[in-house]
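Heads up, the thing below is written out as structure tokens.
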Amino acid sequence: DATMPFDVAAAMQTHAFHSDLPGYVPTPLTHLSELAAELGVGGLVVKDEAHRFGLEAFKALGASWAISRVVERSGERPLTFITATDGNHGRAVAWAAARLGHASVVYLPSEASDARLEAIVRLGAQAIRVEGTYDDAVERARVDAAANGWELLQDMAWPGYERVPSWVMQGYLTLIHEAIEQLGEELPTHVFVQCGVGSFAASVTAYLVERFGAERPAVFVVEPEGAGCGMAAMERNEASPPRLDNTPHTFM
């Protein structure tokens, strides 16, 4: 959504929201001095999201902020949020919906592990395997949201569905804002982020562009060869994202 800000002011707003959630602490920025020396670089730091709200992933930042925006615009009535996931985003939606007093339904692709499904159920959601791939689960969530009057809370966008994914992306600003503040005067030269569906990478990049302009670090977006969706999308440069035929098995 081109109207959504991803600047420092927006990051400060999301950071203030997350700071008020129970269990919030800034995740540590860990200096890997020995590895930096081995690689011959001046410094190497990792933003360790294993400490985020007990979920061991940054996805709670996007889900909680987006749900809060939807709730704010829907009044005080109880809502049911639905999403599709390969794992972490679904856990984040289940956690955030429960924390904010709402129900959630999470669809997973048929090959999702029992452990991932059970982790989502433990957080209070109804978790259901859908026949097919992640893309099939996303489509099923979209259809069932419309049929049941549920709120679709997806972390990927398509034409006509941009606002909620943009709120998810705004929520991720807390992470990069924390990291830059933790570095102080030491601006990084390179920033490496995982690709996934692209929302997190786009959020980080937008923040760095808005805050530092031409002086921003170089951003590298990394994805596994078995799930090279971002690379395929850039190579084809089409209006709709490509659908990959394979069902990847990664821990990215």
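The values are calculated or read from the model by the stated rules, or taken from the named source; none is laboratory data. These numbers were taken from a predicted model, which means no experiment stands behind them. Reconstructed Cβ throughout: ideal geometry from the backbone, glycine too, with neighbour counts over all protein chains shown. To get the accessible areas, we keep the full protein, side chains included, count just its heavy atoms, and leave off ligands, DNA and RNA. Shrake-Rupley method; radii C 1.70, N 1.55, O 1.52, S 1.80 Å.
Taking Ser33, Ser68 and ordering them by how much accessible surface each has at a 1.4 Å probe, largest first, produces Ser33, Ser68.
For the chain, the 222 nm mean residue ellipticity estimated from helices alone, with every DSSP H stretch of n ≥ 4 adding -39500 (n - 2.57) and the total spread over all residues, rounds to -13500 deg cm²/dmol.
Using a 1.4 Å probe over the heavy atoms of the protein chains, calculate the carbon and sulfur portion of the accessible area of the range 143-195 as a whole percent. Looking at the range 143-195 in its full context, I get 54 percent from C and S. Please state the shape class of the range 53-178: rounded when a/c is under 1.5, otherwise prolate if a/b exceeds b/c and oblate if not, all from the C-alpha gyration tensor. Judged from the Cα gyration tensor, the range 53-178 comes out rounded (a/c under 1.5). Assuming charge only on the beta carbon of Lys and Arg (+1) and of Asp and Glu (-1), the dipole of the chain about its Cα centre is about 700 debye to the nearest 20. Positive end of the dipole of the chain (Cβ unit charges, origin at the Cα centre): among Leu187, Thr174, Ser64, the Cα lying farthest that way belongs to Ser64.
Distance from the alpha carbon centroid of the range 149-220 to that of the range 30-72 works out to 12 angstrom. Projected over all directions and averaged, the alpha-carbon convex hull of the chain occupies 14.3 nm².
Estimated from the Cβ-Cβ distance and a Förster radius of 35 angstrom, the FRET efficiency linking Met231 and Asp7 is about 0.80.
At the listed q of 0.16, 0.18, 0.26 Å⁻¹, the Debye profile of the range 171-220, built from one uniform point per Cα, gives log10 I(q)/I(0) equal to -0.40, -0.51, -1.09. One compactness figure for the range 1-54 is 1.58, namely its Cα radius of gyration divided by 2.2 N^0.38 Å. To the nearest 10, the accessible area of Trp158 is 60 Å² with a 1.4 Å probe.
Rounded to the nearest 20, the size of the Cβ-charge dipole of the range 1-78 about its Cα centre is 300 debye, with Lys and Arg at +1 and Asp and Glu at -1. Extension gain for Glu185-Glu238 works out to 15.1 nm (0.36 nm per residue, less the C-alpha to C-alpha distance). In order along the range 212-220, the phi-based Karplus estimate (6.51 cos²θ - 1.76 cosθ + 1.60, θ = phi - 60°) of 3J(HN,Hα) comes to 10, x, 5, 8, 5, x, 6, 10, 10 Hz; Gly and Pro are listed as x. Per residue, the Cα convex hull of the range 38-99 amounts to 114 Å³.
The calculated P(r) of the range 125-219, using every Cα pair and 10 Å bins from 0, goes 13, 38, 26, 16, 7, 0 in percent.
Projecting the Cα positions of Ala50, Val105, Thr27 onto the charge dipole of the chain (unit charges on Cβ atoms of Lys, Arg, Asp and Glu, taken about the Cα centre) puts Val105 furthest along the positive direction.
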